[in-house]
Protein chains: 2
Amino acid sequence: MAQIRLALAQLNVTVGDIAGNAEAIQRWAQHAADRGAHVVAFPEMALTGYPVEDLALRSSFVEASRAAIEELAAKLAAAGLGHLVVICGYLDRDESTFAHGAGPKGSPQNAAAVLHRGQVVARAVKHHLPNYGVFDEFRYFVPGDTLQILTVHGVDIALVICEDLWQEGGPVRAARAAGAGLLLTINASPYERAKDDERLNLVTRRAREAMCPLAYVNTVGGQDELVFDGDSLVVDEVGKVLTRAPQFTEGLLTVDLDLATTTHGADEYAGIRVERTVVSDTPVPAYTATRSGVAPRLEEEAEIYTAVVTGLRDYVHKNGYHSVALGLSGGIDSALAATIACDALGPENVYAISNPSKYSTDHSKDDAADLAERTGLNYRVIPIEPIVSTFLDNVPLTGVAEENLQARIRGMIWMGIANQEGHLVIATGNKSELAVGYSTMYGDAVGAFAPLKDLPKTKVWALARWRNQAALDLGETPPIPENSITKEPSAELRPGQLDIDSLPPYDLLDQMLEDYVEEDAGAGDLIAAGFDPDLVERVIRMVDAAEFKRRQYPPGPKISFKAFGRDRRLPITNGWREATMQGHHPVAPPRTAPPGEGPRT
Amino acid sequence: MAQIRLALAQLNVTVGDIAGNAEAIQRWAQHAADRGAHVVAFPEMALTGYPVEDLALRSSFVEASRAAIEELAAKLAAAGLGHLVVICGYLDRDESTFAHGAGPKGSPQNAAAVLHRGQVVARAVKHHLPNYGVFDEFRYFVPGDTLQILTVHGVDIALVICEDLWQEGGPVRAARAAGAGLLLTINASPYERAKDDERLNLVTRRAREAMCPLAYVNTVGGQDELVFDGDSLVVDEVGKVLTRAPQFTEGLLTVDLDLATTTHGADEYAGIRVERTVVSDTPVPAYTATRSGVAPRLEEEAEIYTAVVTGLRDYVHKNGYHSVALGLSGGIDSALAATIACDALGPENVYAISNPSKYSTDHSKDDAADLAERTGLNYRVIPIEPIVSTFLDNVPLTGVAEENLQARIRGMIWMGIANQEGHLVIATGNKSELAVGYSTMYGDAVGAFAPLKDLPKTKVWALARWRNQAALDLGETPPIPENSITKEPSAELRPGQLDIDSLPPYDLLDQMLEDYVEEDAGAGDLIAAGFDPDLVERVIRMVDAAEFKRRQYPPGPKISFKAFGRDRRLPITNGWREATMQGHHPVAPPRTAPPGEGPRT
């Protein structure tokens, strides 16, 4: 056995910002060295950020990544860190002599570099390229076919990248055959509800398969619609957790490991060639190991809330902004969104605007003002009646068109103020509304980011209650007025209007959406599950017709498996109706929310 | 040799509308039978439409397609068409006993069915699954590994699907080894500029490789952002064109072929198993062949114009609408968009709105009215000054925020009228503007469809001139006022404003965009090509910063290889700056058009 002090750098990087990311990597490598680590690992594509998407197709970007990894090796050595073994994800390209089956010669690759004494001494390439959900890697990369085994202080470390761990067989089995003493995987694995449990199960299983300890380092922070939760961890050869990082927090996890020394196992396994690079085969002199901690997991509501706060904060900051503007109606959605914005950016950076109309109730106006006072955000009131009435004098509109007009004048006010004062606008719609198209395009749907986009309405209420309780637990004032949580939801675009006039009760709607949207169940499945057939037809019709609106909605942090956004790609012109449904319209299905319109029906 | 009368049905189907598409297939099969065809082929996924995108992941949809193809076979036989061999693309799923490497057991497949005497007698599965540009097939489908050879009246017909023809090796080589008498390929191959030339070259080359005639049937019509140009054709074994269908037109192409009879070639080629299905090995009695025509190709401007008209018409109609609304400024973009709308839908279905402000010039107002008179579209004038002034009384805005406000009030008027009267709004921005973010979100960017979205400004002028000349050639009044074509472009949002104040001249800008956007050239390449380094930096900065605006822009017909839309996927938070550029900002690059704002800078 041989000792190794391993550091895992759970970093928050920015896609495309190679220079800034390289600086961060060097800074954290220094921290690792300061803590006496022998090896430090950075996440998948830490140098370029993840996902780079079409930047991978720009050869100047690929070459910049390749040059930067060499430069980083030199800089680390120049800074006195040449002795440290640094493993870092980056974007490379295939240098095989012949064109690869999956792409032309020189195609991009998702790779890991091993930096030591000023050089890139080895590299590993991802084998399994995920191309489902939020992933499009088969589109951009060609796969590797070699397992890199790195001998460091007498220990064989097998390097694999993210999806290589999730797929059966492949490099994990090869690592076992090769007799690895440690399986190290670098990742950019996005957050989903309860993904930490799933990840732990996987890591445990793979450690047992590889018959050696497994170290897992993950990205943290928001990148457009993705939120990375970190959750880096190390388990022993039977899957027992040795150390685990906090979720959603940047930091360095260090652990002392006692590992099997080089065994010289197989040089090939199931078509995967094993490549060996010896950095050092001399074990380090024995030292007293320190024990590492296991950070507690967040409870479900805390975890989701933190994911949303993280997603919003990084979206705003990484786009060069510091403040947001939003409309505050007194309802639960804008109340929760404003609270999240205050937690993400500080209340002094949140600019809330109340835009009462003649249909707004007194309690709505009071609740908005109450939240402003509780949180300390910037608050102003601009009634829309004079603008609405001048508009209608010049363009007579009635019914849904008039309802939409009110929402659009509000959106125009928020955008105007944001343009004038330099804020980003956030949209406050939730996943249930988006699913059925219950919003006004260019009205309440304006904005750069939509923090609640992937939260069903019932989860919005749950998070509001959780946040208030968390405040009470800390002896603070609950930010959200109780009335905003308990009152009946209403768009207040006509007298006495309630959501329930157009939609089923949210607890029922959210159950149906869970089946139809998240689980891809058919109408028949929903009816078999006991939902009323007429209601099933009505809800499915609304969901199918709202695709255009969803595409035009701002991005938001992804929480669940099937978020509306880049991982959900439905046709806009969609003649499909579930076979069990009545009233089939072959070419021109009636739409509750047609492209180009934005009625609340 | 044996005679066969082959019919190719160049169909315009709708994604998801299985019942409607099946009816159309039956109707066109009847036409083929009426013309004495022995075999009729329908395009790739004609039964479901193409591309089905995430509908492929809904098992009720896959099962509906599978049931519908069986039902179609029965209905054809019941209608007296059982003798006709019908080849039709549809969505199936993998029925292998074991899970496929590329996806779980039962994964969707892009397949072709052979229908005869009431039964599905054979099927073929696509081998090569394109996953670049507009294609995401690797995401949805698992590939086939068998070549289907269908013996009809003594002739061996090898069936392949679309990309199978575009990739080297694979099923085309297997068809040759198997001794096919005819290579038949069914396609849903979207239009791109000059794609017909590329297609002809490919078809010629593959016919020579397969050493037999090749028949190619393609989809036609618009589906969301894709436009299919048809261009079905048949070539002989040396690639000589025997018949070719008109572009962008639904119809049936029939041809009499004299083909080699069954040779019983190889049963396997390079891992591809050859599966043989004998429908009939008796040649038909000799008959007098008729000669088929070769439709002339459209000239470049005519082809692009027709693609845009087709895309707009089908988008409107397939979404259940009949009319569109748009703002008419007197400028070239809205003039061309209005003319295209008139050609697509008839001037009686086009509702143009002029919204002069205090900055609008007299010639703009006159030019808008002139176009209305020339085309006969519905026209009204609604000055925005009273609304702007009431708004500014309540929300004081200046500078860019005030400029955006004017554009947004116009957008709100168009949406209000469209909501009230039941039109779709079309946005009139061009590709050059979109590339650099020269538009106002929720202002001129509102709408369900943007016909000019993939046309650079210089092409907008060229199409306008071409359309006017085409009118003159027919002895009609040119629809577009000469002044709209010749005047200096201006947004007219402040006194004396010209595009040239913010942007380089369009001929220069379009050349740079061609390199940077279409060709993925880097800043260094552009400078090496002779563009001014400061201008390169400025343009690239604008393009990179405008990704959010482009994502929020309505869809439009795809004309070029790199349209902005579903096939272009850049990160919004993008810290990448070309290495040659000065003023690097690692985390928060300055944006000329930040997310959430919509300045014309």
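The values are calculated or read from the model by the stated rules, or taken from the named source; none is laboratory data. The structure displayed is predicted, hence computed values, not measured ones. In this analysis, Cβ positions are derived from the backbone assuming ideal geometry, glycine residues included, and neighbour counts consider all displayed protein chains. In case anyone asks, the SASA skips ligands and DNA or RNA and just uses the protein heavy atoms, side chains included. Shrake-Rupley method; radii C 1.70, N 1.55, O 1.52, S 1.80 Å.
Data table
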read-out: Debye equation applied to the C-alpha atoms of region B:168-283, log10 I(q)/I(0) at 0.13, 0.16 Å⁻¹; value: -0.56, -0.80
read-out: Translational diffusion coefficient (Stokes-Einstein; Kirkwood radius from C-alpha pairs) of the protein assembly as shown at 4 °C, 1.567 mPa s, in µm²/s; value: 41 µm²/s
read-out: Under Karplus coefficients 6.51, -1.76 and 1.60, residue-wise ³J(HN,Hα) of region A:448-453 in Hz, glycine/proline x; value: 8, 8, 10, x, 8, 3
read-out: Length-normalised contact order of chain B in % [C-alpha pairs under 8 Å, at least 6 apart]; value: 12 percent
read-out: Area of B:Lys358 that stays accessible when all protein chains are in place (1.4 Å probe, Å², to 10); value: 130 Å²
read-out: For region A:560-567, 3J(HN,Hα) per residue [Karplus equation, 6.51 cos²θ - 1.76 cosθ + 1.60, θ = phi - 60°, Hz, x = Gly/Pro]; value: 10, 5, 10, 6, 7, x, 5, 9
read-out: Chain A: calculated mean residue ellipticity at 222 nm from DSSP helix runs of at least 4, using -39500 (n - 2.57); value: -10500 deg cm²/dmol
read-out: Alpha-carbon centroid distance for the pair region A:444-523 / region B:18-45, whole angstrom; value: 49 Å
read-out: Long-range HN-HN contacts of A:Leu147 with modeled amide H, under 5 Å; value: A:Arg273, A:Val274, A:Glu275
read-out: Chymotrypsin sites (Phe, Trp or Tyr not before Pro) restricted to DSSP loop in region A:62-155 with at most 15 other C-beta within 10 Å; value: A:Phe98, A:Tyr132
read-out: Rg/Rh for region A:36-160, where both radii come from Cα atoms and Rh is the Kirkwood radius; value: 0.98
read-out: For residues of A:393-402, the mean tally of beta carbons on other chains within 10 Å; value: 5
read-out: Helix A:362-375 vs. chain A, principal-axis angle (Cα, 0 to 90°, nearest 10); value: 30 degrees
read-out: Selection of trypsin sites (Lys or Arg not before Pro), region A:246-301, meeting DSSP coil and at most 10 other Cβ within 10 Å; value: A:Arg291
read-out: For region B:241-373, alpha-carbon Rg over 2.2 N^0.38 Å; value: 1.84
read-out: Inter-chain Cβ neighbour average for residues A:317-324, partner chain, 10 Å; value: 5
read-out: When region A:178-223 is reduced to its Cα atoms, the Kirkwood hydrodynamic radius in Å; value: 11.7 Å
read-out: Distant-in-sequence amide H partners of B:Val425 (H built 1.01 Å from N, under 5 Å); value: B:Ala325, B:Ala448
read-out: Percent RCO, i.e. relative contact order, over region B:2-297, from Cα pairs under 8 Å lying at least 6 residues apart; value: 21 percent
read-out: 0 to 90° range, to nearest 10: angle between helix A:18-34 axis and chain A longest Cα axis; value: 60 degrees
read-out: GluC sites (Glu not before Pro), loop per DSSP, at most 16 other Cβ atoms within 10 Å - longest free stretch of chain A; value: A:300-475
read-out: Label-point gap, in nm, between B:Arg208 and A:Glu385 - each point 7 angstrom along Cα→Cβ; value: 8.0 nm
read-out: DSSP-assigned coil residues among trypsin sites (Lys or Arg not before Pro) in region B:12-59, each with at most 13 further Cβ atoms within 10 Å; value: B:Arg35
read-out: 5 angstrom amide H check on B:Gln223, placed H, neighbours 5+ away; value: B:Phe228
read-out: Rounded to 10°, Cα long-axis angle of helix A:195-210 versus longest principal axis of chain A; value: 20 degrees
read-out: Förster radius 41 Å - calculated FRET efficiency between A:Ser292 and A:Leu474, Cβ distance, rounded to 0.05; value: 0.90
read-out: Using θ = phi - 60° and Karplus 6.51 cos²θ - 1.76 cosθ + 1.60, couplings along region B:329-337 (whole Hz; Gly, Pro as x); value: 9, x, x, 6, 5, 5, 5, 5, 4
read-out: Along each principal axis, Cα extent of region A:439-580, largest first, Å; value: 55, 36, 34
read-out: Neighbouring partner chain Cβ atoms per residue of B:52-59, average, 10 Å criterion; value: 6
read-out: Surface/4 of the Cα convex hull for chain B, nm²; value: 29.8 nm²
read-out: Size of electric dipole in region B:2-297: Cβ of Lys, Arg +1 and of Asp, Glu -1, about Cα centre, debye, nearest 20; value: 580 debye
read-out: Mean shadow area of region A:2-297 over all directions, Cα convex hull, nm²; value: 13.6 nm²
